[in-house]
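Just below is one structure, and these are the notes that go with it.
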Amino acid sequence: MIKIKSLHKRYPGMHAVKGINLNIKSGEFFALLGPNGAGKTSIIGMLTGLTTISEGSIKVDSHIAGSEEAKKKIGFVPQEFNMDIFETAYNVLHYNAQYFNVEKHVERVNLLLTELGLYEHRNKKVKELSGGMKRKLMIARALLHDPEIIILDEPTAGIDVESRKFIWKYFREANKNGKTILLTTHYIEEAEQLCNRVGILHKGELLAIENVKDLMLKYNMQKVTLDFKTKKDAVQFAGDKYTVNNKSVTVPGERFTKILDEFTTEKIVQVHTHDKSLEEIFLEMIQ
């Protein structure tokens, strides 16, 4: 559904995106993960036609990115709020639906307001809505023309936990119903919960493109935490290799057997094994 080939973006004095190749399948839920300045926004800008491509190409279901045909395929939810705050929620959708010639636009507007829990707030001005409600309104606006592809740029940044969970559930259902979704996020658990595959982006380069489960296996998902009788024992064991947390030390899973051979196990009270999170893997990869 999305084909990115040898993509570059250059700004004066900066090479923001460096030769990225990426294919996103129809019906996939894909996440681009990366810190600020990684190139996520530049890629989204080129994909949606808001930014020019310096080199390379992007195809949206065989259409050139930025063309009218490509734009019709995409519903975009930007990170920043960009609505008229003095308009009502209903009118924001009503005017946009008319602008894009949405058939039966009144029914479509009311349906989205209902689905996103905004119908009872439809006559409130945007400035009167909470952060979570504003984000839902932006989602409704992006979905007015029933796009095949949904692009979400930090969709839950700065909103309450309840709204975040609602949005997660909403897009899980949208994906089950066949929508192709591209997500950029700083919340690693968001990608872990929602996505089939992730791309790890750092300084304009893709470090990895993996299935979430495969990525966690590939980068050694298991860790072991050792609880010691005293903090002194923990510090003695850790040396300058590991971090001490009270009386506990966490080590990579592959070191565990060797550690037991090297250290007096009488000083160890308890052993816990647990998996690395996607966030820990991400941090290891970009360091």
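Selection of the range 73-90 for residues being buried (at least 16 other Cβ atoms within 10 Å of the Cβ), out of contact with any Ser or Thr (no Cβ under 7 Å at 6 or more places or on another chain) and either in contact (Cβ under 8 Å) with a residue 60 or more places away in the chain or among the polar types (S, T, N, Q) (or both) yields K73, G75, V77, P78, Q79, T88.
Taking the numbered list (1) surrounded by fewer than 19 Cβ atoms within 10 Å (Cβ to Cβ); (2) touching a residue at least 40 places away in the same chain (Cβ under 8 Å) in turn, I58 passes all entries but (1). Within the range 266-280, residues that are surrounded by 15 or more Cβ atoms within 10 Å (Cβ to Cβ) and in a helix (DSSP H, G or I) sit with their Cβ atoms under 6 Å from residues that are among the charged types (D, E, K, R) and modelled with pLDDT of 70 or more, at 6+ positions apart or across chains, in these pairs: K267/K229; K267/D233; L278/E192. The conditions of being farther than 24 Å from C195 by Cβ, among the polar types (S, T, N, Q) and assigned to a helix (DSSP H, G or I) are met by N110.
The values are calculated or read from the model by the stated rules, or taken from the named source; none is laboratory data. Just so we're clear, the structure is a prediction, and the values are computed from it rather than from any experiment. So basically every Cβ, Gly included, is an ideal-geometry build from the backbone, and we count neighbours across all protein chains shown.
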